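See structure below.
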Amino acid sequence: MKERMPTNGAKVCSELMECFWGFVRDATPAMVTAVVGSVAHAMLEHKDEWSWKEFGIGIFVAAFVGWLLSRVLEPTSLPESMKSVTIAIGGYSSKDVIRLLSLAYTKKLEKILKKECE
């Protein structure tokens, strides 16, 4: 009969939680900055009819764009203030930014895969 190695579930859970909270700690400032940009956009573009569903989706997309832009801008030598402005503007125009990032990375991925297949 094979003996099972004892695992420390509590340790694994603790490490996962540390990883999760580390992500939250690192990503939150960029996500909140992008959400503020999105809220500014929603207020400026407010029409007669208000949709909480569209507002909620916009907030979620802006937070995602904020996180993406923080990862893209991290290795650059831009000052932190310029990164923050870029992220806030990204939140303001999050739908356009997500499309641009998607196109750019799709093209980059195509080039990488093309090299690998040659």
Given a Förster distance of 41 Å, report the FRET efficiency between PHE64 and ASN8 from their Cβ-Cβ distance, rounded to the nearest 0.05.
0.75
Give, as ranges by residue number, the residues of the range 40-58 whose backbone N falls under 20 Å from the point 7 Å along Cα→Cβ of ASP96.
40-47, 55, 57-58
Using the basic label-point model (7 angstrom from Cα toward the beta carbon), what is the ALA40 to LEU78 distance in nanometres?
1.4
Once the in-chain neighbours fewer than 8 apart are removed, the lysines whose Cα is under 19 Å from LYS47 read LYS95
Please compute P(r) over all alpha-carbon pairs of the range 9-117, binned at 5 Å starting from zero, and give each bin as a whole-number percent.
2, 12, 17, 17, 15, 13, 11, 8, 3, 1, 0
Just need the relative contact order of the chain here, percent rounded to a whole number, with Cα pairs under 8 Å and 6+ apart.
32
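Rule-based calculations on the coordinates, nothing more; no lab input. These figures come from a predicted structure and were not determined experimentally. Note that each Cβ is placed from the backbone with ideal geometry, even for glycine, and that neighbours are counted across all protein chains shown.
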